[in-house]
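**Q** This structure is in structure tokens; I'll ask about it shortly.
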Amino acid sequence: MVLSSFVKLNQLVVTGKRVTTWTTIAGSFTTRKVAKLHCKTPELSTSKEVEWPCQVYEHTDRESTPYDLILGVDLLTQLKMVLDFEKRTLRWGDNEVEMKERGVVTDTDALQLLYKTSQESTVSKAAEERQAKNT
């Protein structure tokens, strides 16, 4: 499930009258739309992009919504992601990251750092490849 503020109009693929109610520890959510979501996980891969149909939660007040995105077991299974709660890590292929403390993704400075880190690795890799070609 994805919060509507993260969905572009051209991503909506189904709009219907079918109402689905989801229950989580934070409460119940109702959805009526599905969007084909395109996203990346730069901490785990700077090149992989995920495309997945997601239920759209049409709540407009992001501040009072406990989730921006809920990843279902169906998606995690398809991507072969491994959640290791003993080590507190998320693994996708050969890449592994530590699970974040609740609230860290709402911290703008933390988000900027995550983005910068993911971009630096791409820039560094490209520079190293250019250097290797020149030697």
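**Q** State whether the residues of the range 26-33 include one that is buried (at least 16 other Cβ atoms within 10 Å of the Cβ), of a type in the set (Lys, Arg) and free of Cβ contacts under 8 Å to residues at least 60 places away in the same chain.
**A** In the first step, residues of the range 26-33 are kept if they are buried (at least 16 other Cβ atoms within 10 Å of the Cβ); the result is 29, 31, 33.
In the following step, the residues that additionally are of a type in the set (Lys, Arg) were identified as 33.
Among the residues that remain, those that are also free of Cβ contacts under 8 Å to residues at least 60 places away in the same chain are: 33.
Looking for residues that are buried (at least 16 other Cβ atoms within 10 Å of the Cβ), of a type in the set (Lys, Arg) and free of Cβ contacts under 8 Å to residues at least 60 places away in the same chain, one finds at least one in the range 26-33, hence yes.
**Q** In the range 50-90, what residues are β-branched (Val, Ile, Thr), surrounded by 12 or more Cβ atoms within 10 Å (Cβ to Cβ) and closer than 23 Å to Thr21 by Cα? Give the derivation first.
**A** Just the residues of the range 50-90 that are β-branched (Val, Ile, Thr), to begin with: 50, 56, 60, 65, 70, 73, 77, 82, 89.
Keeping just the survivors that are surrounded by 12 or more Cβ atoms within 10 Å (Cβ to Cβ) gives 50, 56, 65, 70, 82, 89.
Answer for the range 50-90, where residues must be β-branched (Val, Ile, Thr), surrounded by 12 or more Cβ atoms within 10 Å (Cβ to Cβ) and closer than 23 Å to Thr21 by Cα: Val56, Thr65, Ile70.
**Q** Quick check on the range 81-91. Is at least one of its residues closer than 16 Å to Met1 by Cα and among the aliphatic types (A, V, I, L, M)?
**A** Our first condition is that a residue be closer than 16 Å to Met1 by Cα; within the range 81-91, this holds for none.
No.
**Q** Residues in the range 1-28 that are touching a His at 6+ places or on another chain (Cβ under 8 Å) and either among the hydroxyl-bearing types (Ser, Thr, Tyr) or modelled with pLDDT of 80 or more (or both): how many?
**A** Looking only at the range 1-28, we keep the residues that are touching a His at 6+ places or on another chain (Cβ under 8 Å), and these are 3-4, 11.
Restricting the remaining residues to those that are either among the hydroxyl-bearing types (Ser, Thr, Tyr) or modelled with pLDDT of 80 or more (or both) gives 4.
Within the range 1-28, residues that are touching a His at 6+ places or on another chain (Cβ under 8 Å) and either among the hydroxyl-bearing types (Ser, Thr, Tyr) or modelled with pLDDT of 80 or more (or both) number 1.
The values are calculated or read from the model by the stated rules, or taken from the named source; none is laboratory data. Remember, it's a predicted structure, so these values are computed and weren't measured experimentally. Note: ideal-geometry Cβ built from the backbone for every residue, glycine included; neighbour counts use all protein chains shown.
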